[in-house]
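First comes the structure, then the notes that go with it.
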Amino acid sequence: MKIARMSPVEMNLEARFDAYVAEEKKIEPKDWMPDAYRKTLIRQISQHAHSEIVGMLPEGNWISRAPSLKRKAILLAKVQDEAGHGLYLYSAAETLGVTRDQMLQDLHAGKAKYSSIFNYPTLTWADMGAVGWLVDGAAIMNQVPLCKCSYGPYARAMVRVCKEESFHQRQGFQVMLNLAQGTPEQKAMAQDALNRWWWPSLMMFGPSDADSPHSAQSMKWNIKRFSNDELRQRFVDMTVPQAELLGLTLPDPDLKWNEARGHYDFGAINWDEFYNVIKGNGPCNKERLGARVKAYNDGAWVRDAANAYATKEATRQKNANASTHAA
Amino acid sequence: MTDAQHFAAVLRLGDDALVLGQRLSAWCGHGPILEEDIALSNIALDLIGQARNLFTLASKLENQGRDEDALAYFRSDLEFQNHLLVEQPNGHFGDTVVRQMFFSAFALDRYTFLARQTANADVAGIAAKAVKELHYHWEHAAQWVIRLGDGTPESHQKVQDSVDHLWAYTGELFMPDDVDTACAEAGLMPDLHELQGTWRDKVVACLERATLRVPEEGWSHRGGKQGVHSEHLSYMLAEMQVLPRTYPDATW
Ligand SMILES: [Fe+2]
Ligand SMILES: [Fe+2]
Ligand SMILES: [Fe+2]
């Protein structure tokens, strides 16, 4: 095993870095940073970017079947926003010295992860409501603290992302509300979607703190601010009254207000399912990754053409300039 | 121009916009680069927005209580009057941008006229906004046709095939029927023969910059405006209309 020894200069740098971060100052791309900090950020930001673009697929599934032109436009704009989030995040990761193409290769090879929630299917229109309300809602819980993350480009990307995510969440809730107040079939559709998305949404916060390998160091670096369990609890507390407003039932018989804690208690999460979905055994893992790989491979000739054209244009430009200067 | 012809003219504009918007929206999540997922979705959103405005206006002209969604979701393929070009499948990216380039060149000129005519002020208002959008649609598509045509040997061949295949769907854009003729006489719609000349100039210039061969004039497929479509439209509508037709009492 190789042990990286730090020179006195590096030790000094690292101490200064830690102090700087502790003062809530932002690290910028050209600043010195520990290797592990850089790696952690690349892993986290690229995983986040991948989640945005893989996340386009389950909702993209309903664009063609949206039940009104207004809903179609709203959904399409939402999925387009997610593409934009992917772009901001890939750009933020690129400031750390990786290329978008490398990150995509890692995704396609199964080396990089994306949020497991997107391996669940969207079976009815009500899923567009449940996903917006719960999945974007959980994402906001996770992401608002990242707006203050110590890495400047990531923090700034998250500010833009979070603004749009809160729109998505409200739109999702509105879809649910329309269904919950609609015909009996619509209400059943809404309840069914809630039944399927509730537990996977709680899993989005990640394993319990005791089982979360990267948490402590990320906290120290001001990349992470709250524990997975804290955020999950906040999400439950926020969502229960919203479900009541909708007149829908959360699929958890153990859910009840705990006066002493000042929080809702909730039932045990099925972590076996969680780890299985991560491992590739979710209902749609193959489809999701397959769709990304197909888009990438099918698009190769287009990207090649754009590069070839850009090279030709640059040469033509250079030659044109040369002849003007000669004249 | 009868009231029915006036209504049909506006409805057809909406049908072209909706059908093409529906087609383009299928790229969202599947484009060759992320920037194109965004660009094609933008164009799709513009077109769906145009369709909504046009259907709402058509609904007002018809005055039968059919709103934008009734017109979009409760007409069969026999009642849709879009051009055959816009319902052609997305195919590969080259097929999509060639279809878009052919259509946007036409739509831009058509809407430029509509924005200026005085026969119907509502149409002029909708068109004025659409013209700005269509400029971008045309630029975007033409740039891609040029990149692909003048890119690699593979892309050149692929996009030439797209041009050759889709060319036969462009003639219909300029074949006036009774509705077109009556509305042109009333000053509402442009004279299609006049549009054809400027369309050809623009498209030929684009193809030449793309180092692509301009196909020879030949047979043109026709029938969309009369409700006689290619096999593709019925499938598209079946998918698009499934929810409102399954739950006719529901609002969403
Ligand atoms: Fe997100
Ligand atoms: Fe997002
Ligand atoms: Fe979102």
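Taking the range A:273-294 as the range and being without any contact (Cβ under 8 Å) to a residue 60 or more places away in the chain and polar (S, T, N, Q) as the test, the residues that pass are A:N276, A:N281. Looking across the range A:131-151, the residues that are within 13 Å of ligand 3 (Cβ to nearest atom) and small (G, A, S) come down to A:G132, A:G137, A:A138, A:A139.
Listed by position, the helices (runs of 4 or more DSSP H) contained in the range A:15-101 that have at least 1 residues being away from ligand 2 (no atom under 16 Å from the Cβ) and either within 11 Å of another protein chain (Cβ to nearest Cβ) or open to solvent by 10 Å² or more (accessible area, probe 1.4 Å) (or both) are A:35-54, A:69-94. Selection within the range A:188-207: residues that are open to solvent by 10 Å² or more (accessible area, probe 1.4 Å) and within 21 Å of A:R71 (Cα to Cα). The member of this set that is farthest from ligand 2 (Cβ to nearest atom) is A:A188.
For A:I63, the requirement of being more than 16 Å from ligand 1 (Cβ to nearest atom), within 21 Å of A:C284 (Cβ to Cβ) and not charged (D, E, K, R) is met. Those helices (runs of 4 or more DSSP H) of the range B:35-130 in which 2 or more residues are within 13 Å of another protein chain (Cβ to nearest Cβ) and farther than 15 Å from B:A17 by Cα occupy B:93-116.
Of the conditions (1) within 14 Å of chain B (Cβ to nearest Cβ); (2) more than 15 Å from ligand 3 (Cβ to nearest atom), A:Y154 clears all except one; give me its number. The number of the failed condition is (1). Considered as a group, the residues in the range B:145-184 that are over 27 Å from B:W219 (Cβ atoms) and assigned to a helix (DSSP H, G or I) include one that is most open to solvent (accessible area, probe 1.4 Å), and that residue is B:P153. For the range B:199-252, which positions are charged (D, E, K, R), outside any helix (DSSP H, G or I) and more than 10 Å from chain A (Cβ to nearest Cβ)? If the condition is that a residue be charged (D, E, K, R), outside any helix (DSSP H, G or I) and more than 10 Å from chain A (Cβ to nearest Cβ), then B:R213, B:E216, B:E217, B:R222, B:E231 are the ones that fit.
The residue that is nearest to the other protein chains (Cβ to nearest Cβ), counting only those in the range A:102-117 that are among the hydrophobic types (A, V, I, L, M, F, W, C) and over 30 Å from B:P244 (Cβ atoms), is A:L104.
Search the range A:102-120 for residues being polar (S, T, N, Q) and free of Cβ contacts under 8 Å to residues at least 60 places away in the same chain, and hand back the single one that is surrounded by the fewest Cβ atoms within 10 Å (Cβ to Cβ). Talk me through it step by step, then tell me what you get.
Filtering the range A:102-120 down to residues polar (S, T, N, Q) leaves A:102, A:105, A:115-116, A:119.
Now drop any that are not free of Cβ contacts under 8 Å to residues at least 60 places away in the same chain, which leaves A:102, A:105.
Values: A:Q102: 15, A:Q105: 13.
Among residues in the range A:102-120 that are polar (S, T, N, Q) and free of Cβ contacts under 8 Å to residues at least 60 places away in the same chain, the one surrounded by the fewest Cβ atoms within 10 Å (Cβ to Cβ) is A:Q105.
The condition (being without any contact (Cβ under 8 Å) to a residue 40 or more places away in the chain, open to solvent by 40 Å² or more (accessible area, probe 1.4 Å) and either touching a Lys or Arg at 6+ places or on another chain (Cβ under 9 Å) or of a type in the set (S, T, N, Q) (or both)) is satisfied by just one residue among A:N270, A:N297: A:N297. Looking at A:A83, is it more than 10 Å from the chain's Cα centre (by Cα), within 12 Å of ligand 3 (Cβ to nearest atom) and free of Cβ contacts under 8 Å to residues at least 24 places away in the same chain? Spelling it out, it is not the case that A:A83 is more than 10 Å from the chain's Cα centre (by Cα), within 12 Å of ligand 3 (Cβ to nearest atom) and free of Cβ contacts under 8 Å to residues at least 24 places away in the same chain. Considering A:E165, A:E185, the condition of being among the acidic types (D, E), open to solvent by 20 Å² or more (accessible area, probe 1.4 Å) and either within 15 Å of ligand 1 (Cβ to nearest atom) or within 14 Å of another protein chain (Cβ to nearest Cβ) (or both) is satisfied by A:E185 alone.
The values are calculated or read from the model by the stated rules, or taken from the named source; none is laboratory data. Keep in mind the model is a prediction, meaning the values are calculated, not measured. Cβ: placed from backbone, ideal geometry, glycine included. Neighbour counts: every protein chain shown. SASA here: full protein model, heavy atoms, side chains in, ligands and nucleic acids out. Shrake-Rupley method; radii C 1.70, N 1.55, O 1.52, S 1.80 Å.
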